[in-house]
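The values are calculated or read from the model by the stated rules, or taken from the named source; none is laboratory data. Everything numeric here is computed off the predicted structure, so don't read it as measured data. Ideal geometry is used to build each Cβ from the backbone, glycine not excepted, and the neighbour counts take in all protein chains shown. Accessible surface is based on the protein model in full, side chains and every heavy atom, while ligands, DNA and RNA are left aside. Shrake-Rupley method; radii C 1.70, N 1.55, O 1.52, S 1.80 Å.
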Amino acid sequence: MVDKSFSACEFSLLSDKVASIDPILTKIFECLPLRSLVRFEAVSKHWFSLITDPHFSPLLKPRYASGLFLLPFKLQDEPFSCEVDFLPLDGINSQTPPFKRLRSVCESTDVKILHSCNGLLLCSSPRASGGDTDYFVCNPTTKKIVVLCRPADGPYGSWRGIRGLYLAYDPLKSPNYKVVCVWRFAGDLLYKILIYSSETRAWRVSESDEYFYYSSKAHFDKGAYWNGAVHWHCDTDNWFVFQTSIRKS
Amino acid sequence: MARKNRNPVGKNVDPEAQKKKTRTLTLKSSDGQEFSISESAAVLSIAIENMVEDDCAGGVIPLPLVDGGTLARVITYLNKHAEDGASDEEKRKFDEEFVSGMEMGVLFDVVLAANYLDIRGLLREVRRRIADRMKNKSVEWVRKTFHIESDFTPEEEEQMKKEFAWAWEGVDSDVDD
């Protein structure tokens, strides 16, 4: 039997074939990490259209988490070191973490991670002057940071009423994220929910309900985003759930 | 779709399954080489199974899109996966070793053959291997390997590189490993 040895011509013919059979290509794309996929958009216009196709884009296929960031436990007055540990979950090809210290992602010191959601981080850091706080959303992979504007005027013009800030982001449903803010009126148990949209880059007050009065203690500082809604646990063993209704784009 | 879930190594005493193990088929490659293979191994390819069921085989099954070298590789894979008593762990190890030494050209051959013959497991394995070889490579390496000519202008390419600078970091050298 003859062993396989390619002449240049045969090889070119075959790889041409692979490159032209879209179902094979897209399946190969699904095995590639996002970083490579985004780079390979530049290979040709055909590849660009396959990779970015809004209906079949391999960028939008569900993926296993490659790892977890662990934030070391700190006592309240201990200085925050911004150091994070990375726990790879894909044992075989354990990747090096995308970053080790938050400071390599954003310049400011004393950054706090408030919430994380499908690869995005919601952080806060005190402003150098004025004793005010900046809130920002950060993508550690792209190192892109968006500082959240303040909610427009009215009673919500300051950050002081914030009782909890949460990211609502599901890349499988929409490339845009939302930030859900539980806002409490001073000295009162009246709450309101504000929503920031990355699409409009503005805050709006949730229309779904009027002010709500919440006497039974809900832990609005410890919530979780899951399945299209932010969930908070209440002392009465109930759950307070806010549906973020992300529209499919 | 029950057909693709059929387990050829099942411990049943189905006389039909027994017959398949002893019955051999002949596969003929594009360059005229003939290979004998047990029917139970051959029908792991959905395309071959359909040909056998439609009885259009008539002794020799011609595979005009697969050359002899590639067909020999595919048959090695099919035989292993039809082997009596091969554990899943053994098959997994075999799969890994089977694709690990293949050059890109060979991987392209095998992926096309697996696609044509509809052998899902092999297709999955080879696709994964191709992706693994590509993932840390430069755009230029991919163009050269897949024989693609860029239809972006240098300015457009520069723009993409600038916009997604993070995706262009940590790329291996173009020397093939």
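Things to note:
- Cross-linked pairs B:Lys137/B:Lys161; A:Lys192/A:Lys217; B:Lys19/B:Lys80; B:Lys28/B:Lys91; B:Lys91/B:Lys144; A:Lys112/B:Lys135: Cα-Cα separations exceed 23 Å for B:Lys28/B:Lys91; B:Lys91/B:Lys144; A:Lys112/B:Lys135.
- Within 10 Å of each Cβ in B:23-32, the average number of Cβ atoms from other chains: 0
- Relative contact order computed over region B:2-134 (Cα-Cα under 8 Å; 6+ residues apart), in percent: 24
- As a fraction of the 1.4 Å probe accessible area of chain B, surface on carbon and sulfur atoms comes out at 49 percent.
- Each other residue within a Cβ distance under 10 Å of A:Trp183 adds +1 if Lys or Arg and -1 if Asp or Glu, for a net charge of +4.
- Two-site FRET efficiency, B:Val60 against A:Leu172, from Cβ-Cβ distance with R₀ of 45 Å, rounded to 0.05: 0.40
- Where chain B is the region considered: accessible area per residue in Å², 1.4 Å probe: 53
- Percent breakdown of C-alpha pair distances by 5 Å bin, ordered from the shortest bin, for region B:2-134: 2, 10, 21, 23, 21, 14, 7, 2, 0, 0
- Averaged over the residues of peptide B:97-108, the number of Cβ atoms from other protein chains lying within 10 Å of each residue's Cβ is 3.
- Stretchable slack from B:Glu169 to B:Glu103, in nm (0.36 nm times residue separation minus alpha-carbon distance): 21.2 nm
- Per-residue mean of foreign Cβ neighbours for B:123-136 is 4 (Cβ atoms of other chains, 10 Å radius).
- Ranked from largest to smallest solvent-accessible area, with a 1.4 Å probe on the protein heavy atoms, B:Tyr77, A:Tyr135 come out as A:Tyr135, B:Tyr77.
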